[in-house]
Amino acid sequence: MSFLKQFAHKSTSAKRLASAYLSKFNSKSNTADSQLKGNITILLRQERQNVAGLCKVYFQLSLNTDHINEQQKLEMQVLSGDDELGRFSIANNDISQENWLAINTHKLNNGKHKLTLQLLLDKKPQLYNSFTISINNEGPLANKVSNSLKQSNSPTIIYKDCNSRLFDFQNEDLKPWFDKSNAHQRLEQKTEEHPIAKQYKSEFESFLTHGFMVLENILDDKFIENINRDIDDAVKKKVQGYEEGSSQRIMGLHNSYKHIHQLWKQAKVIQILEQIFEDAVRPCQTLTYVYGSQQSYHQDTVHLTPFPAGYMCGVWVALEDIKAGSGELRVLKGSHRLPRIYRDTSNCPQVIDNQWDEFSQTVDKEWQRLIAEHKFEEMSYLAKKGDILIWHENLMHGGSVRVDNNQSRRSIVSHYFAQGALGFYDSSGLPAVLD
Ligand SMILES: O=C(O)CCC(=O)C(=O)O
């Protein structure tokens, strides 16, 4: 079975992956004096040939292991020309399954790079395969991030685990303006510089003080009607096994529904986020809810993790007038100033193969402890259709209990990262999939 077909048969998400990963780099021959026979197949998303941030590369080894004994060491070396960018050990169960590595592209210069994966046995080259990427990390934020990653010796190649330990989260110079002590002064300045900051000044004030802003009446009824029609179709087709009436969320509908895709890239929202990030914006995912999520209070930081901290926002869009008792979105005002919880700082295990139980229990205790130690005012968000709430990466938010189980609460959450930042999912250790 071909590599692509193996992906396609694994699961629904793997099917999506297979169709997203269009460029396949077939194996080259063994090096002259290699002891091992086999090949390395590389899969790369086509659009990632113009890459920024963390670039995920899938590879698979097909190898006859008969000639390897237990004492021998298999490693993968990643090279740019003759320069080694990184190397990591290959365990027995890494052979014949799909593996991934992430290229920390901010560590490399912009432009084209021919990269090679080379398999080593006891440090001797065995097999290799090459691919080309074109790196494009541009703008003041990308430059700052690049410098920080170089200074802190962040690895250029990350194997199977992106996590907060790999990046210098203590670097004060990387703080975004809205997390600095002079943020209100900076906002005054921004209102002189940009009409969006001027128009939404009080909303920006709320973002600084409370960790979220509410924007009323941003989307028109006709557009929302079309989005709701998309959702009706997904519900009818039971996309992702969706059960009518449940609190289940449907992920990634922007990939298959036109109007949800338009919402994901809605110009007004992007313009406001550009003012928050002071950088271009990269959309990440969409989560569609037909009924209230009933999620307990949480920060997104450990799930959708930007480096530098702060350069990610959640955007919550009301697709109907939200009724009390429907499981309204709720937020804790000012909780964005709480410490950030990462997997590493809270001793949570990495989530592998969707095994969330231990991770969720551990991190949830941390969040509830932090909330109990402080006093925050709660806001239940009774939005009107077409209203939008933008939250700071670290704001505590969740869904209230559904008192009336028959009452729908249609909404879509999308997450956005600043273009010059890098994004990963600290909980699972994966690089973020960004547009
Ligand atoms: O809409 C809600 O109730 C909360 C959504 C949320 O926080 C999430 O999906 O991560």
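Just so it is clear, none of the values below were taken in a lab; they were calculated from the coordinates. As the structure is a computational prediction, the values presented were derived from the model and not from experiment. Neighbour counts run over all protein chains shown; Cβ positions are idealised from the backbone, glycine included.
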Pair K268, E172: separation of 7 Å Cα→Cβ label points (nm):
3.9 nm
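Which ordering of I90, I352, I388 is given by a fewest-first count of other beta-carbon atoms within 10 Å?
Details: I90 19, I352 11, I388 22.
Ascending number of Cβ neighbours within 10 Å: I352, I90, I388.
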Gain on full stretching of the segment that runs from S202 to Q35 - 0.36 nm per residue minus C-alpha separation:
53.3 nm
Sorted from fewest to most neighbouring beta carbons within 10 Å, what does the list E358, E203 look like?
E358, E203
Amide proton proximity set for G211, modelled H, under 5 Å, gap of 5+
G334
Calc'd 3J(HN,Hα), region 349-355, phi into Karplus 6.51 cos²θ - 1.76 cosθ + 1.60 (θ = phi - 60°), Hz, glycine/Pro = x, comes to x, 5, 7, 10, 6, 6, 8
Between L127 and residues 5 or more places away or on another chain, which pairs have amide H atoms under 5 Å apart, with H built 1.01 Å from N, and which residues are they?
T31, L119
Using 7 Å Cα-to-Cβ label points, what is the M251/Q368 separation (nm, one decimal)?
2.4 nm
If you plug each phi of region 50-66 into the Karplus form 6.51 cos²θ - 1.76 cosθ + 1.60 with θ = phi - 60°, what whole-Hz ³J(HN,Hα) values come out, in order, with x for Gly and Pro?
10, 10, 9, x, 8, 10, 8, 10, 8, 8, 9, 9, 10, 9, 8, 8, 4
Helix 201-210 axis, angle to the chain major axis (alpha carbon atoms, nearest 10°)
70 degrees
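Please list 245-255, 418-428, 365-375 highest first by mean number of surrounding beta-carbon atoms within 10 Å per residue.
Details: 245-255: 17.2, 418-428: 24.6, 365-375: 13.2.
Output ranking for 245-255, 418-428, 365-375: 418-428, 245-255, 365-375.
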For the chain, just say rounded, prolate or oblate: build the C-alpha gyration tensor, square-root its eigenvalues into a ≥ b ≥ c, call rounded for a/c under 1.5, and beyond that prolate if a/b exceeds b/c, oblate if not.
prolate
Under the rule of -39500 (n - 2.57) per DSSP H run of 4 or more residues, summed and divided by the residues of the chain, what mean residue ellipticity at 222 nm is obtained, to the nearest 500 deg cm²/dmol?
-7500 deg cm²/dmol
Starting from the Cα-Cα distance between D353 and N153, subtract it from 0.36 nm times their residue separation and give me the gain in nm to one decimal.
69.1 nm
Determine the gain in length on full extension of the stretch D232-A280; use 0.36 nm per residue of separation and subtract their C-alpha separation, reporting nm with one decimal.
14.0 nm
When the Cα centres of region 318-346 and region 207-274 are compared, how far apart do they sit, in Å?
17 Å
From the phi of every residue in region 101-116, what ³J(HN,Hα) in whole Hz does the Karplus formula 6.51 cos²θ - 1.76 cosθ + 1.60 yield, where θ is phi - 60° and glycine or proline is x?
10, 10, 8, 7, 5, 4, 7, 10, 6, 5, x, 7, 9, 9, 10, 10
At D82 and R165, where each label point lies 7 Å from the Cα along Cα→Cβ, what is the point-to-point distance in nanometres?
3.4 nm
